[in-house]
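S.K.: Here it is, the structure, as structure tokens.
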Amino acid sequence: MSNWIFLIIGGLFEAAFAFSLERMSATSGKTALLWLASFLISVSISMFMLLKAISGENAIPLGTGYAVWGGIGAVCTVLVGIIFLGESTAFWRIFFLCTLVISIIGLNLVSK
């Protein structure tokens, strides 16, 4: 599996752990514990995928890998907030989200 695929999967799980944190803070009791379990699983998978992407054969450089992983997580977290939590879709928010996506693509293109 390509290291870039590991990185993308890790970024998606980063968004999952951020969403789990938000849901955990908005609930209580057993439901909060289930969101805590979701957080722990998601953060573990996310970090493992980042590790796989930046190590071994065809490793992605650390700086690029971390920036892309964080960027994917940030973009997906914003999209989850918009879709599931009714967060703002103000012009400047979407504009800067697009610049982040362009930056992630640019890092991918210039990395070896």
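The values are calculated or read from the model by the stated rules, or taken from the named source; none is laboratory data. Here the structure is a predicted model, which means the values were calculated and not measured. With ideal geometry, Cβ positions are generated from the backbone for all residues, glycine too; neighbour counts draw on all protein chains shown.
S.K.: Just for the range 2-29: of the residues that are surrounded by fewer than 15 Cβ atoms within 10 Å (Cβ to Cβ) and not hydrophobic (A, V, I, L, M, F, W, C), which one is nearest to Thr64 (Cα to Cα)?
M.R.: The residue in question is Ser2.
S.K.: Given the structure, is Leu51 closer than 19 Å to Ser2 by Cβ, at pLDDT 95 or above and either loosely packed, with under 14 Cβ neighbours inside 10 Å or of a type in the set (Asp, Glu) (or both)?
M.R.: So Leu51 passes the test.
S.K.: OK, next. If we scan the range 29-48, do we find a residue that is modelled with pLDDT under 95, part of a helix (DSSP H, G or I), within 22 Å of Leu79 (Cα to Cα) and of a type outside the set (Val, Ile, Thr)?
M.R.: For the range 29-48, residues modelled with pLDDT under 95, part of a helix (DSSP H, G or I), within 22 Å of Leu79 (Cα to Cα) and of a type outside the set (Val, Ile, Thr): absent.
S.K.: When you check Ile72 against the structure, is it out of contact with any strand residue (DSSP E or B) (no Cβ under 7 Å at 6 or more places or on another chain), free of Cβ contacts under 8 Å to residues at least 40 places away in the same chain and of a type outside the set (Lys, Arg), yes or no?
M.R.: Numbers: out of contact with any strand residue (DSSP E or B) (no Cβ under 7 Å at 6 or more places or on another chain): yes; free of Cβ contacts under 8 Å to residues at least 40 places away in the same chain: no; of a type outside the set (Lys, Arg): yes.
Here the answer is no, as Ile72 does not meet what is asked.
S.K.: Considering only the range 64-81, state which residues are of a type in the set (A, V, I, L, M) and closer than 16 Å to Leu21 by Cα. So that I can check it myself, show each step before the final result.
M.R.: Applying the first criterion (of a type in the set (A, V, I, L, M)) to the range 64-81 yields 67-68, 72, 74-75, 78-80.
Of everything in the range 64-81, those that are of a type in the set (A, V, I, L, M) and closer than 16 Å to Leu21 by Cα turn out to be Ala74, Val78, Leu79, Val80.
S.K.: Restricting the range 86-112 to residues that are part of a loop (DSSP other than H, G, I, E, B) and at pLDDT 90 or above, which is surrounded by the most Cβ atoms within 10 Å (Cβ to Cβ)? Explain how you work it out, then say what you get.
M.R.: Taking the range 86-112 and keeping what is part of a loop (DSSP other than H, G, I, E, B), we get 86-90, 111-112.
Remaining after also requiring at pLDDT 90 or above: 86-90.
Values: Gly86: 8, Glu87: 14, Ser88: 11, Thr89: 10, Ala90: 8.
Applying the filter and picking the extreme gives Glu87.
S.K.: Ok, one more. I'm trying to understand the selection: among the residues of the range 49-72, which are under 16 Å from Glu14 (Cβ atoms) and either in contact with a Pro (Cβ under 9 Å, 6 or more places away or on another chain) or assigned to a loop (DSSP other than H, G, I, E, B) (or both)?
M.R.: Ile54, Ile60
S.K.: Within the range 30-44, can one find any residue that is surrounded by 17 or more Cβ atoms within 10 Å (Cβ to Cβ) and β-branched (Val, Ile, Thr)? Even if it seems obvious, please write down each step before you answer.
M.R.: Our first condition is that a residue be surrounded by 17 or more Cβ atoms within 10 Å (Cβ to Cβ); within the range 30-44, this holds for 35, 38-39, 42-43.
From the residues that got through so far, the ones that are β-branched (Val, Ile, Thr) too are 43.
Yes, because at least one residue in the range 30-44 is surrounded by 17 or more Cβ atoms within 10 Å (Cβ to Cβ) and β-branched (Val, Ile, Thr).
S.K.: Could you list, in sequence order, the residues of the range 19-28 that are without any contact (Cβ under 8 Å) to a residue 60 or more places away in the chain and either closer than 30 Å to Ser111 by Cα or outside any helix (DSSP H, G or I) (or both)?
M.R.: Quick first cut of the range 19-28, residues without any contact (Cβ under 8 Å) to a residue 60 or more places away in the chain only: 20-21, 23-28.
Once the filter is applied, which keeps residues that are without any contact (Cβ under 8 Å) to a residue 60 or more places away in the chain and either closer than 30 Å to Ser111 by Cα or outside any helix (DSSP H, G or I) (or both), the range 19-28 yields Ala26, Thr27, Ser28.
S.K.: When the residues of the range 55-65 are narrowed to those that are under 25 Å from Leu97 (Cβ atoms), in contact (Cβ under 8 Å) with a residue 12 or more places away in the chain and in contact with a helix residue (DSSP H, G or I) (Cβ under 7 Å, 6 or more places away or on another chain), which ends up surrounded by the fewest Cβ atoms within 10 Å (Cβ to Cβ)?
M.R.: Filtering the range 55-65 for residues under 25 Å from Leu97 (Cβ atoms) gives 60-65.
Pick out the ones that are also in contact (Cβ under 8 Å) with a residue 12 or more places away in the chain and you get 60-61, 64-65.
Subsequent filtering for residues that are in contact with a helix residue (DSSP H, G or I) (Cβ under 7 Å, 6 or more places away or on another chain) retains 60, 64-65.
Values: Ile60: 24, Thr64: 18, Gly65: 24.
In this case the residue turns out to be Thr64.
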